1. Rounded to the nearest 20 Debye, what is the dipole magnitude of the stretch 300-388 about its Cα centre when Lys and Arg each give +1 and Asp and Glu each give -1 at the C-beta?
2. Could you check the spin-label model distance between GLU478 and GLU329? Points 7 Å from the Cα along Cα→Cβ, value in nm.
3. Of ALA4, ALA83, VAL68, whose Cα points farthest to the positive end of the dipole of the stretch 1-141 (charges on the beta-carbon: +1 Lys, Arg; -1 Asp, Glu; origin at the Cα centre)?
4. For every helix of n ≥ 4 consecutive DSSP H residues, a contribution of -39,500 (n - 2.57) applies; sum these over the chain, divide by its total residues, and give [θ] at 222 nm rounded to the nearest 500 deg cm²/dmol.
5. Along the charge dipole of the chain, Cβ charges K/R +1 and D/E -1, which of GLY260, LEU635, VAL524 sits furthest on the positive end?
6. Provide ASP519, ASP348, ASP684 ordered by accessible surface of protein heavy atoms (probe 1.4 Å), highest first.
7. Which value, in debye to the nearest 20, gives the size of the charge dipole of the stretch 241-372 about its Cα centre, when Lys and Arg are +1 and Asp and Glu are -1 at the Cβ?
8. What part of the accessible area of the chain, given as a whole %, is carbon or sulfur when the probe is 1.4 angstrom?
Amino acid sequence: GVSAQQLNRARQRSASARAYLDAALKNPFPTIRAHTDPFEPIGAALDFPANYSSIVSPMRAGDTVLGVLALAHHTANRFGSEARDMTATFASYAAIAIHNARQYYESQEQAWISTLLLQVAEANQAVGTLEEILDNTIQLLPLLVGIKKAAIFLWEAEQDAFTLSAAYSIDQPATGTLFRPSEAPALASLMATRAPVYLQNAARELNLPAADQHAASTLLLLPLQARNELQGALLVMHQDTAHGKNGAALNDRTLAILQGVSHQIATGVENIRLVEARQEEAYVTAVLLQVAQAVVTLNNLNDILDTITHLMPILVGIDACVIYLWDAENSVFTPSEAFAGLHQQERDILGRSYGPGEFELLDQVQRSDTHILSPLSNPDLPPSQWPALPCLPPGSLPTPTMASIGSWLIGVPLSIKGEVYGVMLAKETNTLAAFRERRLEIISGIAQEVSLAIQNDRLQREMVLQERMEREVQLAREIQRTFLPEHMPQIPGWEVDARWQTARTVGGDFYDIFLLDQDRLGIVIADVADKGMPAALYMTVTRTLIRASLKTIDTPARVLEQVNDLLVPDALNGMFVTAVFAILDLRSGELTYANAGHNLPLIIHGSGGVALLKKGGMALGVMEKVPLKDEAISLQPGDALVLYTDGVTETFAADGEPFGEERLRAVLERANSCSPNEALSAVDEALKTFRGPQPLSDDITLIAVYRKP
């Protein structure tokens, strides 16, 4: 008996009618109107008399209140307790029916949303490329209620921009166009918030005029996000025809669908990109393995470099490859191998070396020990003009504004642990920016393989040289030993023994014990002020000069003076030699000796005690005309003469303490009345115990001459 429009107008006009309904809604039982109660909407709409009858019952389904059921009659006292019970029962039935209908509708709606998202997911799983995912999704989007236009933008981190990758009902611009956040505020907002962005003007906010919305439509930009990583953005124009000309409405249901679709797109894009990344990694591994096999199977470095330069264009897709090796001795980059596609260009490359300052790219790679890029505005620029090309900062990649440049000259160091062996140059043309970083990774990996090959070649050559030097040093030691007495002289009434150890393979200590005639024994001990090969050579010269001087001179001082005068003119690098030369009369035991700056010999008296012989003069080879003096003592039966070099007293313990003369004298005193062999063995053991695991710091030589009782 009344229309919905009449009731709505009555509710809007009458605050008391609205309040009456609100109170009845909260009342758990039906409300029967009294004559004095305010009008409810039906009475107000039909202008009933003041005593009209009305009953209002809440409609409840469990704890959920769905509305009210209102009955009215223009006469008075129409509704009593029976009508109240019937109205309550009917309101309860109606509430349950409405509640069930709503649940059914919501389940259908949810099933429809799930079906749609499942279709998107299945479509994404069924394809194998990124382009197929985008094409399938953009075709499914119009099936959504009210979707009139759509576009998918993918985020390209290398270019710091979004790429228009797919579009529906948007003709301009073409796919592949870049949209930079700095030029599209809507995309900048999306990146900052990772939340949907509502647009009012696509031309101003997105720099995409073709997507401007029509009347009664909503333009929405949604993030494509998977695992907290932004993959791109989805643009949709939604138009709800149910609202006609009153304006568009993007309800929660539609927004949920669009967000679900966005998630499916983002997941599909991420999966494809992960697959592509794995495929790229597998390809990189295969390329580096193939290069490694070439390095392992070839023995000659030139063959290795030639193979790699010709493999690079095939495996990496570059247009030219040149390997320059650094010649440190001549400070020049020398081309080793080249591939440029044209034989004349290769001949030109191999025919020109570059010193410092002549090829900026080579210089910067050597200084920075990292990759350097030079833009090639002209892909056909001949190699002769490469040295003049400008360079990007060390280690940098092209900025997004340089993305249009597709041709580059790439310099990669051939180095290991900071030592630069050379530079590998690679020329690439018409390369997409998305692939440049991966290609640079491959080139750098190959450069590392080349570096290892160069290092291995150098190590092999150094090993051959080292082995030759070791053989030569060992031969020098054998030769040096020939200058030492092969056997101690066997003299009635006397015992003689010696010890000789070098800190290196060859040394600067030497000794000599020889019979001058039937009754005289010559004894020499000397120490060159150096170690190793130079000292050994100096020792050999000194020993030869002493032996030669004995043919014309027979006193120790005069012999050493002549040797000194012969050494001084040819002394190099401050080398000198200390020495003691003694002549022993085997019948009387008289010892005549001269000391040229050497450690003072020791006398072990048979009666007990150890004494030092007198101090001598200056070392040999320092200055000419050095006067030396002959000294004489007598060795009594039971006495022993001990001569030694400073390697004995300057043997160091682990804490740096020297062995010293006092310890040496103490060892010799304990060895009194022993044979020379036993005395020197005691000194050897004492030195080893004192030194511990430390290596010898200097050559060690000991001589002992013992007069038997």
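The values are calculated or read from the model by the stated rules, or taken from the named source; none is laboratory data. The structure presented is a predicted model; accordingly, all values stated were derived computationally and were not measured. For neighbour counting, all protein chains shown are included, and Cβ atoms are generated from backbone atoms with ideal geometry for every residue, glycine included. Heavy atoms of the whole protein, side chains included, go into the accessibility calculation; ligands, DNA and RNA do not. Shrake-Rupley method; radii C 1.70, N 1.55, O 1.52, S 1.80 Å.
1. With only Lys, Arg, Asp and Glu charged at Cβ, the dipole is about 120 debye.
2. In this crude label model, GLU478 to GLU329 measures out at 3.0 nm.
3. With unit charges placed on the Cβ atoms, the residue in question is ALA83.
4. -13500 deg cm²/dmol
5. In the chain, that residue is GLY260.
6. The ranking, largest first, comes out as ASP348, ASP519, ASP684.
7. Dipole of the stretch 241-372, to the nearest 20 debye: 960 debye.
8. 52 percent
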